[in-house]
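Visitor: Handing you this structure, nothing more for now.
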Amino acid sequence: MCSSDLFYRPPWFQAAAEEFQATREAVSLCDYSSFAKMDLWSGGREVVDFLQMLCSNDVDIPVGHIVHTGMQNKWGGYENDCSVARLAENRYMLMSPSIQQMRSYTWLKRHLPSTVVLQDVTSLYTALCLMGPFSRALMGRLTPDSIDSRAFPFFTCRFMDIACAPEILTMNMTHTGELGYVFYIPNEFAIHVYDSIMAAGEEFGLKHCGYYAQRAEIGRASCRERV
């Protein structure tokens, strides 16, 4: 096989480049709906103790905070890689990459005590990620709530009214290292919230962002962190 067969510019290259640039310099919107989402809760602290046992990071965090963590087996190998949001004293939401949906659910279920409830809620929510330097300005068009860094710090979450849709779980985080927010929208509000974001985003040059551009952003953020 000659080198020209291995190294070439694919037909989607320019589209991904424009999406990457919009995320770096303006604002973009990515569909995170395929990411796995697990809801866990208990009557008391049982869910806290359960996740503390499984997770390598400390998940006994303040309500409304988010932490990234792995779950290892007894040999130290990764079984799950997820973000964990504490929604209440006895309730968490776990978000994992799409490919890990059944693996993470099975791993949690295998160790689940009878006092903890586990529900796969992936199909219940449309998840949209708004990211880029103009994302906060655009967000200000969608909600009456205060969203400055003191009122709504990075790696925290809360339920907000977004474009008049009530109680949308909103996380101040992205997976690319850019400023941005992830909305977990009950499916009945999804089209309305999406249309509202697109309408409000016109003045900021909002573009859709696909996973090729998103992965390029993740790679850039990882390199920046290592430096």
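The values are calculated or read from the model by the stated rules, or taken from the named source; none is laboratory data. Note that the structure is predicted; figures quoted are calculated from it, not measured. Heads up, the Cβs are rebuilt from the backbone with ideal geometry, glycines too, and the neighbour counts pull from every protein chain shown. Side chains are part of the model used for accessible areas, which takes the heavy atoms of the whole protein and leaves out ligands, DNA and RNA. Shrake-Rupley method; radii C 1.70, N 1.55, O 1.52, S 1.80 Å.
Visitor: With each pseudo-label sitting 7 Å past Cα toward Cβ, what's the THR115-PHE159 distance in nm, one decimal?
Guide: 2.5 nm
Visitor: A further question follows. Tell me the label only: which of [x] 25.8, 89; [y] 18.7, 63; [z] 24.1, 88 is Rg and Dmax of the Cα atoms in Å as calculated from this structure?
Guide: From the options [x] 25.8, 89; [y] 18.7, 63; [z] 24.1, 88, the structure gives [y].
Visitor: Which loop-located trypsin sites (Lys or Arg not before Pro) does the range 118-173 contain, where loop means any DSSP state but H, G, I, E or B and the Cβ has at most 13 other Cβ atoms within 10 Å?
Guide: Values: sites: ARG136, ARG141, ARG150, ARG158; in loops: ARG141, ARG150.
For trypsin sites (Lys or Arg not before Pro) across the range 118-173 that sit outside H, G, I, E and B with at most 13 neighbouring Cβ atoms in 10 Å, the list reads ARG150.
Visitor: Follow-up question, since we're still on this one. Roughly how many Å² is the accessible area per residue of the chain, as a whole number, for a 1.4 Å probe?
Guide: Numbers: 11590 Å² over 227 residues.
Accessible area per residue: 51 Å².
Visitor: Now for a different question. Run the simple label-point estimate for ASP31 and ASP195 please: 7 Å along Cα→C-beta, distance reported in nm.
Guide: About 1.7 nm, to one decimal.
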